[in-house]
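Below you'll find the structure, written out as C-alpha cells, and then a few comments.
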Amino acid sequence: MHSQKPQNRFAKARERMVRIDLQGRDIADPDVLRVMGEIPREEFVPEVYQLQAYSDGPLPIGMGQTISQPYIVALMTQELEVDSECEVLEVGTGSGYQAAVLCKLVKKVYTIERVGELSESAQKVLNELGAANVEFCVGDGSCGWPGDKVFDRIIVTAAVPSIPEPLVKQLVEGGLIVAPVGLSGVQRLVTCEKRAGRVAERVICDVRFVKLLGEYGFEEP
C-alpha cells in the first residue's frame, strides 16, 4: 500500500464514479455497485496515475497492458450474472482490479496471466486487501486453467479472435463466458451461454481491448 494518500479525495471520487459513470449509465446490479464503491481502485494503478484512478477510462499499468475503464469492469461483471456459489476463471489478471471486484461476489476466483510481473504485482495488492479466495497462475490463458477443472463463469479481459475452444471445454453446461471478440481495433463484447457443448453469443456493445497473446489468441508480434 502507498502511504499518506488523500483518502477523502479518493472516497469522493469513488462515490462519483459509482453514481455518474455506473448508475448514470446502465449498471443496475446492486452488488456490483456496492463492491465497486468499496474497492480502492487507486491501489491497482501506478502511483503516477492514482489521481486519475476514478476517471472513466483505461490507464496503463506497464508491460503494454491497461486497467479497463470502470464502466467496462462493471458491465462485464454485471453480464457474468455471478452469485456467492460461483467459481470464476479470469483470463488476463492484469492489474488485479477485476479479480478484486469478482472475489467479493463469488466463491472463488482463478486468475491466469501470461506476464509474471503483472501476476506478482496483482497478487501483492490483493493480499494486502485481504482477498483470500483468489488463486493465481502464470501461463497462457487462451489454453484455460491447467488441468481439467471446470468453471461456472469465465471472463476474458483481453481481445480474442474468437472464443478459445479450451475455455468452452472448461465451462459448465449453462455457464457464461464474457469476452471481447474481434481481430483488431474495435471488438464486440459478447456474453456466451454454453448449450449442449457449444456457446451461443449475444453482442453487448463495441469495445477496445489489448490483444490476448497465446495459442488460441493472437500470435506474438
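The values are calculated or read from the model by the stated rules, or taken from the named source; none is laboratory data. What you see is a predicted model, and the numbers here were worked out from it, not measured in a lab. Using ideal geometry, Cβ is built from the backbone for each residue, glycine included, and neighbour counts are taken over all protein chains shown.
When region 171-200 is filtered for residues that are β-branched (Val, Ile, Thr), part of a strand (DSSP E or B) and within 15 Å of Ala159 (Cβ to Cβ), the ones remaining, listed by number, are Ile177, Val178, Val181, Val190.
Conditions (1) in contact with a Lys or Arg (Cβ under 8 Å, 6 or more places away or on another chain); (2) surrounded by fewer than 23 Cβ atoms within 10 Å (Cβ to Cβ); (3) over 19 Å from Phe209 (Cα atoms); (4) free of Cβ contacts under 8 Å to residues at least 24 places away in the same chain, marked per residue:
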residue: Arg34; (1), (2), (3), (4): no, yes, yes, yes
residue: Val82; (1), (2), (3), (4): yes, no, yes, no
residue: Glu90; (1), (2), (3), (4): no, no, no, no
residue: Gly94; (1), (2), (3), (4): no, no, no, no
residue: Leu129; (1), (2), (3), (4): no, yes, yes, no
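Taking the numbered list (1) part of a helix (DSSP H, G or I); (2) in contact with an Asp or Glu (Cβ under 8 Å, 6 or more places away or on another chain); (3) without any contact (Cβ under 8 Å) to a residue 60 or more places away in the chain; (4) more than 30 Å from Glu215 (Cβ to Cβ) in turn, Asp56 passes all entries but (1). For region 1-33, taking the residues that are polar (S, T, N, Q) and assigned to a helix (DSSP H, G or I), the one that is modelled with the lowest pLDDT is identified as Gln7.
Within 23 Å of Leu212 (Cα to Cα), modelled with pLDDT under 95 and in contact with a strand residue (DSSP E or B) (Cβ under 9 Å, 6 or more places away or on another chain), is that true of Thr111? For Thr111, the condition - within 23 Å of Leu212 (Cα to Cα), modelled with pLDDT under 95 and in contact with a strand residue (DSSP E or B) (Cβ under 9 Å, 6 or more places away or on another chain) - is not met. If you check Val178, Val156, Val190 for being crowded, with 20+ Cβ neighbours inside 10 Å, over 21 Å from Pro60 (Cα atoms), touching a residue at least 60 places away in the same chain (Cβ under 8 Å) and under 15 Å from the mean Cα position of the chain (by Cα), only one passes: Val178. Out of the residues in region 106-162 that are in a loop (DSSP other than H, G, I, E, B) and touching a helix residue (DSSP H, G or I) at 6+ places or on another chain (Cβ under 6 Å), state the one that is nearest to Thr93 (Cα to Cα). This residue is Thr157.
Lys108 versus (1) surrounded by fewer than 20 Cβ atoms within 10 Å (Cβ to Cβ); (2) among the basic types (Lys, Arg); (3) over 28 Å from Cys143 (Cβ atoms): which is the lone unmet condition? Here Lys108 clears every test but (3).
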